[in-house]
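Asker: One structure, as structure tokens, below. Some questions next.
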Amino acid sequence: NIVFVAREIAGEETRVAASAETVKKMKSFGFDVVVEAGAGAASRIPDGEFEAAGARIGSFADAASADVVLKVRRPSPSEIAGYKSGAVVIAIMDPYGNDEAIAALASAGLSAFAMELMPRITRAQSMDVLSSQANLAGYQAVIEAAGVYDRAMPMMMTAAGTVPAAKVFVMGAGVAGLQAIATARRLGAAVSATDVRPAAKEQVASLGAKFIAVEDEEFKAAETAGGYAKEMSADYQAKQAALVAEHIAKQDIVITTALIPGRAAPRLVSRAMLAAMKPGAVAVDLAVERGGNIEGVVAGEIADVEGVRVIGFANMPGRVAASASALYAKNLVTFLETMVNKETKTVVANLDDELVKATMLTYAGDVVHPAFGGARK
Ligand code: NAD
């Protein structure tokens, strides 16, 4: 089997789908690994490091003979055209609302796997790219905020006077939010957080932050069986907005991370709320790629909205690329290993495996995932 590790071409993607460690692992499966020249450059992995791990450095033309293609982003039509029919392609496929792109993967005869659809079960924890990347995004959000905030984060008592601790409010206490809380606490900020899932309350408190939420009957039932948030009623949203408006006016930094699977991000911070914040306030919207939690956020920019600097960087994990790639590569190779037939040294997807069922978008010319119009045979 030949595995091809692609150099990303989409936008400013800085991550790469393999590391020296995962190349070695794939070699141990009996695979040949070809890394496209320069694939790891933005993640600080020089070609020589891949070579030392046993990979051959190649060009895009090598994709044509690969049985497995590893990527960060879904391949573009021109990339797909360079792959061999029947090849396995594993990436973050961003399938929601992209039916045409999924159809293109199917008609090229590819077995395409969407890593972000990995079920969040114990067995698949080490393959959970949403968690590995959100964790770093939460960390980096605080670093970016601290970088533009013109004050110090911790309280400093000096001979020249006292600098107060920054007040940081984290909205959405899932994987990214919890890491943002932990990071802000490490920097010495006074941290508060909110979420609509009751389970978040204890987690926030255990990190030493104050939990703030409208804790009514709807809140008590806001977590789905899968552990995600439901879309809240208009009534709840109004109550939440009133609470947030009062709290946010006293904050220096707001970091929003709220998402609802398969939907647009909930709008949590209005222009009026931003206008009420202190001079020099900073906000970071980690939900920007899904429409944003903050009114006025601009994807890829630091926008001045009502006097608040609103950071809307897309691909926050890509801003800490070396770490993000290391974890992403590990997630990928762990999943790949579940599909390796040790005798034939080939990749064979077991269509009855729940991990395959959850992540496989296309197979043998068809879209097979039921969430995207496929009828699984
Ligand atoms: P996510 O990225 O879907 O959403 C981020 C957070 O936003 C969530 O905590 C969500 O409750 C919150 N949110 C949604 N709407 C909101 C609103 N209107 N106001 C405030 N907050 C709102 O979530 P995630 O980070 O992927 O985590 C979801 C859950 O899955 C968590 O309970 C997490 O602990 C759990 N999880 C489990 C596993 C596992 O068991 N393997 C792995 C990862 C995460």
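The values are calculated or read from the model by the stated rules, or taken from the named source; none is laboratory data. What you are looking at is a predicted structure, and each value in this text was computed from that prediction instead of being measured. We place every Cβ from the backbone using ideal geometry, glycine too, and count neighbours over all the protein chains shown.
Asker: For Ala213, indicate whether it is of a type in the set (Gly, Ala, Ser) and either surrounded by fewer than 15 Cβ atoms within 10 Å (Cβ to Cβ) or more than 23 Å from the chain's Cα centre (by Cα) (or both).
Answerer: yes
Asker: Among Lys201, Lys239, Lys210, which is the only one that is in contact with a Ser or Thr (Cβ under 6 Å, 6 or more places away or on another chain) and charged (D, E, K, R)?
Answerer: Lys210 is the lone residue from the list that is in contact with a Ser or Thr (Cβ under 6 Å, 6 or more places away or on another chain) and charged (D, E, K, R).
Asker: May I ask you to verify whether Ala264 is in contact (Cβ under 8 Å) with a residue 12 or more places away in the chain, surrounded by fewer than 18 Cβ atoms within 10 Å (Cβ to Cβ), aliphatic (A, V, I, L, M) and in contact with a helix residue (DSSP H, G or I) (Cβ under 8 Å, 6 or more places away or on another chain)?
Answerer: Judged against the criteria, Ala264 is a match.
Asker: Quick one: which residue in Thr158, Thr162, Thr194 is without any contact (Cβ under 8 Å) to a residue 24 or more places away in the chain, in contact with a strand residue (DSSP E or B) (Cβ under 8 Å, 6 or more places away or on another chain) and hydroxyl-bearing (Ser, Thr, Tyr)?
Answerer: Exactly one residue qualifies, and that residue is Thr162.
Asker: On to the next question. Which residue out of Ala55, Ala112, Ala152 is more than 16 Å from the ligand (Cβ to nearest atom) and closer than 22 Å to Lys27 by Cβ?
Answerer: Going through Ala55, Ala112, Ala152 in turn, just one is more than 16 Å from the ligand (Cβ to nearest atom) and closer than 22 Å to Lys27 by Cβ: Ala55.
Asker: Looking at Arg197, is it under 23 Å from the mean Cα position of the chain (by Cα), at pLDDT below 95 and over 17 Å from Ile311 (Cβ atoms)?
Answerer: yes
Asker: Kindly provide the set of residues from segment 277-298 that are surrounded by fewer than 18 Cβ atoms within 10 Å (Cβ to Cβ) and more than 23 Å from Ser233 (Cβ to Cβ), ordered by number.
Answerer: Hits for segment 277-298 are Lys278, Pro279, Gly280, Glu289, Val298.
Asker: Hey, another quick one. Of the conditions (1) out of contact with any Leu (no Cβ under 7 Å at 6 or more places or on another chain); (2) under 25 Å from Leu327 (Cβ atoms); (3) assigned to a helix (DSSP H, G or I), Ala64 fails just one. Which one is it?
Answerer: Going through (1) out of contact with any Leu (no Cβ under 7 Å at 6 or more places or on another chain); (2) under 25 Å from Leu327 (Cβ atoms); (3) assigned to a helix (DSSP H, G or I) one by one, Ala64 breaks only (2).
Asker: Can you report the number of residues in segment 1-40 which are under 22 Å from the mean Cα position of the chain (by Cα) and buried (at least 24 other Cβ atoms within 10 Å of the Cβ)?
Answerer: Total meeting the criteria: 10.
Asker: While we're looking at this one, here's another question. In segment 77-123, what residues are part of a helix (DSSP H, G or I) and aliphatic (A, V, I, L, M)?
Answerer: Hits for segment 77-123 are Ile80, Ala101, Ile102, Ala103, Ala104, Leu105, Ala106, Met115, Leu117.
Asker: Please enumerate the residues belonging to segment 41-59 that are more than 24 Å from the chain's Cα centre (by Cα), within 15 Å of Ala321 (Cβ to Cβ) and buried (at least 16 other Cβ atoms within 10 Å of the Cβ).
Answerer: none
Asker: In segment 68-96, which residue that is of a type in the set (Ser, Thr, Tyr) and closer than 28 Å to Ala264 by Cβ is surrounded by the fewest Cβ atoms within 10 Å (Cβ to Cβ)?
Answerer: Ser76
Asker: Quickly run through segment 94-135 and pick out the residues that are under 23 Å from Val367 (Cα atoms), of a type in the set (Ser, Thr, Tyr) and at pLDDT 95 or above.
Answerer: Ser107, Ser111
Asker: Something else about it: For segment 107-130, enumerate the residues that are surrounded by 21 or more Cβ atoms within 10 Å (Cβ to Cβ) and over 19 Å from Val333 (Cα atoms).
Answerer: Selection gives Ala108 alone.
Asker: Having 2 or more residues that are touching a Gly at 6+ places or on another chain (Cβ under 6 Å), under 15 Å from His247 (Cβ atoms) and within 13 Å of the ligand (Cβ to nearest atom) is the bar; report the helices (runs of 4 or more DSSP H) wholly within segment 172-228 that clear it.
Answerer: none
Asker: Are any of the residues in segment 278-300 among the small types (Gly, Ala, Ser), within 26 Å of Ala42 (Cα to Cα), within 16 Å of the ligand (Cβ to nearest atom) and in contact with a helix residue (DSSP H, G or I) (Cβ under 9 Å, 6 or more places away or on another chain)?
Answerer: No, segment 278-300 contains no residue that is among the small types (Gly, Ala, Ser), within 26 Å of Ala42 (Cα to Cα), within 16 Å of the ligand (Cβ to nearest atom) and in contact with a helix residue (DSSP H, G or I) (Cβ under 9 Å, 6 or more places away or on another chain).
Asker: Regarding segment 38-58, can at least one residue be identified that is without any contact (Cβ under 8 Å) to a residue 40 or more places away in the chain and in a strand (DSSP E or B)?
Answerer: Yes: segment 38-58 contains one or more residues that are without any contact (Cβ under 8 Å) to a residue 40 or more places away in the chain and in a strand (DSSP E or B).
Asker: For the condition within 16 Å of the ligand (Cβ to nearest atom) and either in contact (Cβ under 8 Å) with a residue 24 or more places away in the chain or assigned to a strand (DSSP E or B) (or both), what is the one hit in Ala272, Ala258, Ala303?
Answerer: Answer to the selection: Ala258.
Asker: Here's a follow-up. Quick one: how many residues across segment 1-30 are part of a strand (DSSP E or B) and touching a Leu at 6+ places or on another chain (Cβ under 9 Å)?
Answerer: Going through segment 1-30 one residue at a time, the tally reaches 3.
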